[in-house]
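Structure first, commentary second.
Values quoted throughout were computed directly from the atomic coordinates according to the rules given, and no laboratory measurement underlies them. Source: prediction; values computed, not measured. Heads up, the Cβs are rebuilt from the backbone with ideal geometry, glycines too, and the neighbour counts pull from every protein chain shown.
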Amino acid sequence: MHPWLSRLRHDLVKRAVWAARDLHEAARDPDAADLAELRRGMFELRDSEGRPITAGELWRRMCTDAPAIGAAALDSFASVLTAAERQVAKLPAHPDAWREAVEAVLRIESAFAALARTLEKE
């Protein structure tokens with residue numbers, strides 16, 4: 001796997017998706033701690049210097065080092081990530097929207113896979 005993709009997977013995708021996957025597989029509705037963990041996966045990541053950063057901002061920074069993939073592939077991933085951030089941001093006010101938020105975050109995995117396939121074709 002390309003080093004940039006490995007960093008993206010480790011620093012953003014895995015951290016964002018981890019809590020969503022747990023909630024998706026749980027046989028119960030989430031409690032406040034579960035929803036807080038889902039939010040942290042999108043809004044409290046760490047940059048290369050250990051400072052807090054949102055998934056969207058981390059993505060924008062990572063794009064500056066992206067290999068020659070093409071704007072369409074990068075935009076597609078960005079769109080999925082932005083949709084996930086929007087859904088998760090709704091949770092404090094609308095905790096009943098957790099299923100939609102989980103599904104939106106899980107789509108980051110398939111968007112990452114599509115991005116990886118695009119890079120492999122290059």
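Hey, does segment 57-72 have a residue that's in contact with a strand residue (DSSP E or B) (Cβ under 6 Å, 6 or more places away or on another chain) and either touching a residue at least 40 places away in the same chain (Cβ under 8 Å) or aliphatic (A, V, I, L, M) (or both)? Within segment 57-72, one or more residues are in contact with a strand residue (DSSP E or B) (Cβ under 6 Å, 6 or more places away or on another chain) and either touching a residue at least 40 places away in the same chain (Cβ under 8 Å) or aliphatic (A, V, I, L, M) (or both). When the residues of segment 66-83 are filtered to those that are among the aliphatic types (A, V, I, L, M) and assigned to a helix (DSSP H, G or I), the one that is nearest to Phe43 (Cα to Cα) is Leu81. Taking Gly70, is it on the phi > 0 side of the Ramachandran plot and not hydroxyl-bearing (Ser, Thr, Tyr)? In short, yes.
Among the conditions (1) more than 18 Å from Lys14 (Cα to Cα); (2) outside any helix (DSSP H, G or I), Gly50 misses just one, which is (1). Scan segment 89-108 and give yes if some residue there is of a type outside the set (D, E, K, R), free of Cβ contacts under 8 Å to residues at least 24 places away in the same chain, exposed (fewer than 15 other Cβ atoms within 10 Å of the Cβ) and within 13 Å of Leu5 (Cβ to Cβ), otherwise no. No, the conditions are met nowhere in segment 89-108. Taking each residue of segment 35-50 that is under 17 Å from Arg86 (Cβ atoms) and touching a residue at least 24 places away in the same chain (Cβ under 8 Å) and looking for partners that are in a loop (DSSP other than H, G, I, E, B) and of a type in the set (A, V, I, L, M) with beta-carbon atoms closer than 9 Å, six or more apart or interchain, yields Leu35/Leu91; Leu38/Leu91; Arg39/Leu91. The set of residues in segment 8-33 being closer than 19 Å to Leu91 by Cβ, of a type in the set (Asp, Glu) and touching a residue at least 24 places away in the same chain (Cβ under 8 Å) consists of Asp29 alone.
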